[in-house]
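For reference, the structure is listed below as structure tokens.
The values are calculated or read from the model by the stated rules, or taken from the named source; none is laboratory data. In this text the structure is predicted, and so the values were computed from the model without any measurement. Note that each Cβ is placed from the backbone with ideal geometry, even for glycine, and that neighbours are counted across all protein chains shown.
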Amino acid sequence: MRKREEARRPENAAAAGVAEIAETACERRYPAAEPIGRLAPRKPALLLHSCCGPCCAPVIEELAREYAVTVFFYNPNITDRQEYNRRKESQIRCVDAYNERPDRADEVAFLEGAYEENRFYEEIKGLEGEPEGGARCDQCFRLRLEKTAETAKLMGFDCFASALAVSPRKEYRKISEIGRDVCARYGVGFLDRDFKKKGGQQRSVLLAKQYNLYRQTYCGCEYSARNGSEHEIR
Ligand code: SF4
């Protein structure tokens, strides 16, 4: 299994300087989807940033027929390692559950980024007291989308997207602005789509139950955890 994973990992990853991802924290659980037969048109390869299984589940459903999807779990904002692992396992379960569905499109792949807690605190320095939805969250989105765009570029993906906006607490306009900005800077396509539309959030709740996914009660960082009881179960 390990041999297969290594063989499938894009050769340019380590060479392109993503050692922290490609060599220490990279976990490619499934091969990325490939076209059937020589004449089949190649689907664009899309790196999908995801914060958790429930938000990702409806986005995979929506995109897997059009794109060769790899889910990218990069979330250094999460409070602690235990919670991080819990969300990561839920994310993997989500990918597994989709891949086991008889009606699925091509298999979806999984890639884990590094859990760089210090990086998160550096990025949001001075913004700790901001309310959820404020400037701290903008920086948090930027950190995660920037790493996604950088990884997509270095590993040869055609484009990237984010499942962050499935949550009703996240404003798509901001995610869209940041996504377009990092897309221009890294020279990799951004799929600028609001996955909340067309019932994405309701589908997220339904699939989380169907796939038996962990649904956290706070967004991710310690500041949101303090107000966790005020949040709906995500
Ligand atoms: S509330 Fe959520 S989006 Fe905002 S900084 Fe914390 S983890 Fe990031």
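Considering TYR186, TYR172, the condition of being farther than 16 Å from PHE72 by Cα, of a type outside the set (Lys, Arg) and more than 16 Å from the ligand (Cβ to nearest atom) is satisfied by TYR186 alone. Within region 130-147, can you find the residues that are more than 9 Å from the ligand (Cβ to nearest atom) and either in contact with a helix residue (DSSP H, G or I) (Cβ under 8 Å, 6 or more places away or on another chain) or closer than 19 Å to GLU83 by Cα (or both)? Matches in region 130-147: ARG142, LEU145, GLU146. For the structure I just gave you, tell me whether SER90 is within 15 Å of the chain's Cα centre (by Cα), within 14 Å of the ligand (Cβ to nearest atom), buried (at least 18 other Cβ atoms within 10 Å of the Cβ) and hydroxyl-bearing (Ser, Thr, Tyr). Here the answer is no, as SER90 does not meet what is asked. The residue pairs whose first member lies in region 173-194 and is farther than 10 Å from PHE160 by Cα, whose second member is assigned to a loop (DSSP other than H, G, I, E, B) and of a type outside the set (Phe, Trp, Tyr), and whose beta carbons are closer than 7 Å, counting only pairs six or more residues apart or on different chains, are SER176/ASP192; ARG180/ASP192.
Number of residues in region 151-197 that are of a type in the set (Ser, Thr, Tyr), within 16 Å of the chain's Cα centre (by Cα) and surrounded by fewer than 20 Cβ atoms within 10 Å (Cβ to Cβ) equals 2.
Before we move on, is ARG215 within 16 Å of the ligand (Cβ to nearest atom) and outside any helix (DSSP H, G or I)? Yes: the conditions hold for ARG215. When region 69-87 is limited to residues that are under 23 Å from ALA161 (Cα atoms) and within 13 Å of the ligand (Cβ to nearest atom), the one that is surrounded by the fewest Cβ atoms within 10 Å (Cβ to Cβ) turns out to be TYR84. Which residues, taken from region 197-234, are within 25 Å of GLU122 (Cα to Cα) and either modelled with pLDDT under 90 or touching a Leu at 6+ places or on another chain (Cβ under 7 Å) (or both)? If the condition is that a residue be within 25 Å of GLU122 (Cα to Cα) and either modelled with pLDDT under 90 or touching a Leu at 6+ places or on another chain (Cβ under 7 Å) (or both), then ARG226, ASN227, GLY228 are the ones that fit.
Summed over region 61-88, residues that are within 27 Å of GLN139 (Cβ to Cβ) and not in a loop (DSSP other than H, G, I, E, B) total 14.
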